[in-house]
Amino acid sequence: MKQTKIAPTLEQRNAAVKAVFLAIMQETKELIATLPQFLLRHCIEMEDTPHPNSKAFKFITPLTYLCLRDSDKGLLIQFGFDTSYEYIELTSKFVRLIYKLTMVERTRLNIEDCVSSHCIITDTSYLFDEMEWKHPDTPVHIIAHKPATTPRKQRMAVA
């Protein structure tokens, strides 16, 4: 028998959205860590106050953008990604990751509507540079390089 999802309170929904946002951010860091280019493995994590009564937490790399922000419906996740063909494999995985971790089959509460596609940023490199310039006190972190395991290495490890 298929179980139906319960209608969450705003507090429960926000807690679930925040937990999923942190999971997306962690897995995005793991994706970025596979890049050999040092400059692409930089990230900015910052709290922002775009309006007097709202808060936002942003995670920005030259290739990806994630934002957890307040709205009248509760917390929302906004995202963006670089659209250059060179990094399409990574950015495709990033977008799939967002929808995979927020789908109703993965979460205890139905939070699918927390992903906002109202304004998808497609020039994340420019945004990263702009944030670095506008907020010089915000530290830029470096994600350690961890090369992706190739299928051959995975097979050898099993054997």
Discussion item. In whole Å, what are the extents of the chain along the principal axes defined by its C-alpha atoms, from largest to smallest?
Written reply: 50, 46, 25
Discussion item. Quick check on my link table: of 18/73; 18/93; 18/58; 18/100; 29/146; 29/93, which ones sit more than 18 Å apart, alpha carbon to alpha carbon?
Written reply: 18/93
Practice prompt. Could you check which residue among 145, 42, 118 shows the biggest mean-square fluctuation in a GNM of the chain with a 10 Å Cα cutoff?
Written response: 118
Worksheet item: Compactness ratio of the range 57-108: Cα Rg over 2.2 N^0.38 Å, N = residue count?
Response: 1.27
Discussion item. To check you understand DSSP bridge types, tell me what percent of the beta bridges within the chain (both residues inside) are antiparallel, rounded to 5.
Written reply: 85
Worksheet item: Using a Gaussian network for the chain with springs between C-alpha atoms less than 10 Å apart, which of these wobbles most: 65, 85, 126?
Response: 85
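Filter the trypsin sites (Lys or Arg not before Pro) in the range 68-139 down to the DSSP loop ones having no more than 15 other Cβ atoms within 10 Å, then list what survives.
73, 106, 108
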Discussion item. Below 8 Å between Cα atoms, with a sequence gap of 6+, how large is the relative contact order for the range 10-158 in percent?
Written reply: 29
Item to complete: Considering only 66, 39, 109, give the residue with the highest GNM mean-square fluctuation for the chain, with springs between Cα atoms whenever their separation is below 10 Å.
Response: 39
Response to the item:
The equivalent-ellipsoid semi-axes of the range 103-154, taken as the square roots of five times the Cα gyration tensor eigenvalues and listed largest first in whole Å, are 28, 26, 12
Worksheet item: Summing -39500 (n - 2.57) over the DSSP H runs of n ≥ 4 in the chain and dividing by its residue number, what mean residue ellipticity at 222 nm do you reach, to the nearest 500 deg cm²/dmol?
Response: -12000 deg cm²/dmol
Discussion item. Going Cα to Cα from residue 134, which aspartates and glutamates come in below 20 Å? Please leave out same-chain ones fewer than 8 positions away.
Written reply: 45, 47, 48, 123
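Readers should treat all values here as calculations from the given coordinates under stated rules, not as data from a laboratory. A quick note: this is a predicted structure, and the numbers were derived from the prediction, not measured. So basically every Cβ, Gly included, is an ideal-geometry build from the backbone, and we count neighbours across all protein chains shown.
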